[in-house]
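Step one of this worksheet: look at the structure below.
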Amino acid sequence: MQHRISFRRLALAGFIAAAFGAAAHAQEAPVNQDVQRNVDQQQRIENGVKDGQLTTREASQLEQGQAHVDRMEQRDLKKGPLTSQEQAQIQHAENVQSRDIYRDAHNGRTQNPDSVSSRRMAADVQRNVNQEKRIDQGVRSGSLNDNQVAHLQGREAHVDHEEHNAGANGHVSRGEQRHIQRTENRDSRAIHRQKKAGG
């Protein structure tokens, strides 16, 4: 009889744990989608610069769009799990950004991908891709919680804005790139610290 009660308790505990796990997964799913979308959008910008379909000026404008999305994620995740309304607003901003990337990559304006400015911009955006991938991995593994992701997306917005400023005149100088790289190095260390701290 006691064996049967213990089995029931174990089964009930397992059911509760599974239910909480499913609920946590359901809460994280929108964040996973949003951060993965950031990875995809940054990758598309980088590809456009590398194949010459995006000019430095166009890439800088698109980085401003990415900064806008990152700031929305920062603002909403600071308050806890995303609501359906917040998620819908972020998705709308991401859809606008996606259309802007497509438009700029297909407007007939091109730039030599081997130019110094193109190479600098492509390298900076590649770093964005890598940082967003690390954040995405942290969300999926559970080593980053909503508040930590909010903090990191705020930092990503800052570097996106720096890239926008650097390329707004159509050229990224060596000094501007060095400044961006210092910011990216700080962001990289912040991602490492937050993941080590645990979600």
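Values in this text are rule-based calculations from the coordinates and carry no lab data. On a predicted model such as this, the values are computed, not experimentally measured, just so you know. Using ideal geometry, Cβ is built from the backbone for each residue, glycine included, and neighbour counts are taken over all protein chains shown.
Quick rundown of the values:
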read-out	value
Vicinal HN-Hα couplings computed from phi for region 45-50 (Karplus, 6.51 cos²θ - 1.76 cosθ + 1.60; Hz; Gly/Pro x)	5, 4, 4, x, 5, 5
Peptides 157-163, 46-52 ordered by average Cβ neighbours within 10 Å, highest first	157-163, 46-52
Relative contact order for the chain, counting Cα pairs under 8 Å that sit 6 or more residues apart, in percent	32
Residue-by-residue Karplus 3J(HN,Hα) for region 64-72, coefficients 6.51, -1.76, 1.60, Hz, glycine and proline x	5, x, 5, 4, 4, 5, 4, 5, 4
Cα-centre dipole for region 141-196 with unit charges at Cβ (Lys and Arg positive, Asp and Glu negative), debye to 20	400
Radius, Kirkwood style, for region 128-185 when every pair of distinct Cα atoms is counted (Å)	12.4
Within a Gaussian network of the chain (alpha carbon springs, distance under 10 Å), most fluctuating of 173, 98, 118	173
Spin-label model distance (nm) - residue 96 vs residue 29, 7 Å beyond Cα toward Cβ	2.7
Within region 48-100: Cβ-based charge dipole about Cα centre, in debye rounded to nearest 20 (Lys, Arg +1; Asp, Glu -1)	140
Degrees separating the helix 174-197 axis from the principal Cα axis of the chain, which is the longest one	0
Spin-label model distance (nm) - residue 173 vs residue 193, 7 Å beyond Cα toward Cβ	3.0
For the chain, size of Cβ-based charge dipole, Lys and Arg +1, Asp and Glu -1, in debye	880
Residue (of 131, 92, 157) at the positive-pole extreme of the chain, dipole from beta-carbon charges	131
Nitroxide proxy distance, nm - points 7 Å out along Cα→Cβ at residue 182 and residue 75	3.0
Label of the coordinate-derived value, Cα extents along the principal axes in Å, listed as (i) 79, 31, 27; (ii) 51, 35, 30; (iii) 71, 57, 42	(i)
Region 85-199, Cα convex hull volume normalised per residue, Å³	111
Enclosed volume per residue, in Å³, of the convex hull spanned by Cα atoms of region 75-130	105
Separation of alpha-carbon centers, region 40-94 and region 126-175, rounded to whole Å	10
Within region 33-54: backbone nitrogen closer than 18 Å to the residue 133 label point (7 Å, Cα to C-beta)	33-51
Extension gain (nm, one decimal) between residue 84 and residue 126, 0.36 nm per residue minus Cα-Cα	12.0 nm
Angle in degrees between helix 146-167 and the longest Cα principal axis of the chain, rounded to the nearest 10	0
Diffusion coefficient, µm² s⁻¹, Stokes-Einstein with Kirkwood Rh over alpha-carbon pairs of region 99-163 at 10 °C and 1.306 mPa s	114
Extension gain from residue 119 to residue 36, taking 0.36 nm per residue of separation minus the Cα-Cα distance	27.4 nm
GNM flexibility winner over the chain from 167, 65, 142 (Cα, springs under 10 Å)	142
Acute angle (nearest 10 degrees) that the helix 84-105 long axis makes with the longest principal axis of the chain, alpha-carbon atoms	30
